[in-house]
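Since the structure comes first, as structure tokens, the remarks are kept for the end.
Nothing in this text is a laboratory measurement; each read-out follows from the coordinates by a stated rule. In this text the structure is predicted, and so the values were computed from the model without any measurement. Positions of Cβ are generated from backbone atoms using ideal geometry, with glycine treated the same way; all protein chains shown enter the neighbour counts.
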């Protein structure tokens, strides 16, 4: 297909521009964890939290290079899950596809739960379920109308988050250069190293921070999902992925460094966003309301992305299925979007409002995020295995967007995902979801191995894979 074509063979449209993709990539690396959870994470691990973010960010970047290499070779794919089916087999792809789709639904539910919490800042008496249904209907409509409208929504959602972080960093630098004094002392880089301890509350808290930071980066791979609906994908994709490392350095490492430069890390108020604390310090009275608006847009952005992604993943599942129920989801709407898959996914995300009114579920957000983290880890590991097989197949594009040192990087990534999974057992609220993840792998894995309704890998592809083993 010509790279400038505006229509894919399946009826989807290439209407996302470079402007959209770059901002989607930026927004995808910035979650609510930075705006709200930074104080808590710093209090648990001290300045060494920067090391946790750097380690997790580095491995995410490697994973993005692996995904990017496969998508560069075949930019027509709506999801990287297709490569799992292609290089690991249709049954493994069946397992990964459903697992990832369920993970997306869980993230959507978690973000919808968070949205109600943020809106209650201004409207505490409005029932959560009304807020959640309203946001879900609006964002689902955005996804149903046109891909370009989704791109515009994400562009502005991302812009709000980026401006907030850059404003905080600029404020911190101004305070540093002006020798600003706080109730805790002078603003100084030495605040990071004062009373420095690598494991201030024990190594268990350091390891336990891995799942939290890992969740903060979830969705970074979303940039690859937009490839099939992007103009000139082989021009846009490498740039968007390569710049991921700079985004991590600026928006996470940079922001955390500034926060601990302003405040000695032991003096941060863990019950309040560090962004609110910093802006309030310089006399910005509306700081709490502004940051609440920022995190609300961050959650809405994530939900918007989950609706977009889950609809396309379900379309991929339907395309690879022979089942009668799934065949009705194999078509695109006149707007070039998988409307039926989007509507089904959005309907399931409605489970979140139901959870919010069940008294027994006291911490629905933590439970859901922990559960989806498990599912993502499993799929990420399978994606890297698929990439390793791709490099040994005849599909390998020698002049493509190659991942560096894949023979070392791919095994290292799989080990890293395993370590993150183990770290789930270091935090009480993550133990049950971690166990559920193991049960899921065993139970659904056995079911997938007997699945007969999926489309098998073409023999030509399978033979090429075997000839290169």
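Considering only alpha-carbon pairs that sit under 8 angstrom and 6 or more positions apart, the relative contact order computed for segment 18-467 is 35 percent. With the highest mean first, a sort of the peptides 428-434, 95-101, 182-188 on other beta-carbon atoms found within 10 angstrom per residue produces 95-101, 428-434, 182-188. What is the log10 of I(q)/I(0) for segment 62-165, computed with the Debye formula using one identical point scatterer on each Cα and no solvent, at q = 0.12, 0.24 Å⁻¹? After summing over all Cα pairs, the log10 values are -0.63, -1.27. Taken along the Cα-to-beta-carbon direction at a fixed 7 Å, the label points for residue 235 and residue 293 span 3.6 nm. Using the Cβ-Cβ distance between residue 334 and residue 123 with R0 set to 30 Å, the FRET efficiency works out to roughly 0.20. Entry for segment 18-467 at q = 0.07, 0.10 Å⁻¹: log10 I(q)/I(0) = -0.34, -0.71, Debye formula applied to identical alpha-carbon scatterers, no solvent contribution. Computed on segment 185-316, the Cα convex hull volume stands at 160 Å³ per residue. Convex hull volume per residue, computed on the Cα atoms of segment 280-328, equals 69 Å³.
Suppose R0 equals 60 Å. What FRET efficiency, 1/(1 + (r/R0)^6) with r the Cβ-Cβ distance, do residue 422 and residue 130 give to the nearest 0.05?
Result of the calculation: an efficiency of 0.90.
A straight chain from residue 181 to residue 414 at 0.36 nm per residue would run longer than the Cα-Cα distance by 79.3 nm. Along its first, second and third principal axes, ordered by size, segment 77-229 spans 58, 42, 31 Å in Cα coordinates.
Once the Cα-Cα distance is subtracted from the 0.36 nm per residue extended length, the residue 272 to residue 54 segment shows a gain of 76.1 nm. Percent of Cα pairs in segment 248-302 per distance bin of 10 Å, from zero to the largest separation: 22, 49, 29, 1.
For segment 237-276, the share of alpha carbon pairs falling in successive 5 Å distance bins from zero is 6, 20, 23, 17, 12, 9, 7, 5, 1 percent.
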